[in-house]
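The values are calculated or read from the model by the stated rules, or taken from the named source; none is laboratory data. Only a predicted model underlies this, so the values are computations on that prediction, with no experimental measurement involved. So basically every Cβ, Gly included, is an ideal-geometry build from the backbone, and we count neighbours across all protein chains shown.
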Amino acid sequence: MFSKLTSLFKSKAAAKGSPGILEKPSQVMKPVEDGIPKKTITTTTIKTYVSGIKLEDRHEKLKKLIAELKKEKFFKELYQGLSNKDILDEEHGSFFEEDPVYELSGGKLPHVRLDVSDSSEVISVYVGKDKEHEFLLGILPEDGAKRVLKRFESADLHAIETSLSGGKYKYLDDDDKVKTGEKNYNLQLKLKFAKK
């Protein structure tokens, strides 16, 4: 159906907060500034998420990666920049347990790579702090993979945006005290395609 595709997310662009540009053997879009091609490209977007291995396993893998990235000060802002005092202050909103403030709400990762096998309809998702330290996080769910494979027939993938959900969070309890909790991490992907 199509030749093997290995798409790389450039960490340099991600570090600037821009979507990375993907490279594949048949096409590389250039020139690029801050992750955006200079020429205007009409894109379509597919939103999906990572699945394929146990949620708890994905959570542990992401937790380890996030701990490394926090040590390296990759994330500019934690808890949306709110201190415990801010969370107590109603001016910033009401952060009860049903609607807490997450440590990395919508946080992005510096490196993500998709690998599409010739012989199957499985799309593997690799993440890491860079290409050298990447690991298999999971696969796209079947419906997401089918949409992506269909899109490859008429368009090239040129950017991936990541968004973390879950993880550590803070909230106000019934006594107006700031408490902490933790939920399993998940990773959503936004894949941007440009017509061939």
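Observations on the structure shown:
- Some residue of segment 84-93 being among the polar types (S, T, N, Q), in a loop (DSSP other than H, G, I, E, B), more than 17 Å from the chain's Cα centre (by Cα) and under 16 Å from residue 177 (Cα atoms): no
- Residues satisfying the stated conditions in segment 171-193, i.e. under 15 Å from residue 104 (Cβ atoms) and either of a type in the set (Asp, Glu) or touching a helix residue (DSSP H, G or I) at 6+ places or on another chain (Cβ under 6 Å) (or both): 182, 184, 185
- Segment 116-157, residues that are modelled with pLDDT of 90 or more and in a strand (DSSP E or B): 123, 124, 125, 126, 127, 128, 135, 136, 137, 138, 139
- Leading residue by the ranking (surrounded by the fewest Cβ atoms within 10 Å (Cβ to Cβ)) among those in segment 60-115 that are touching a residue at least 40 places away in the same chain (Cβ under 8 Å) and at positive phi: 106
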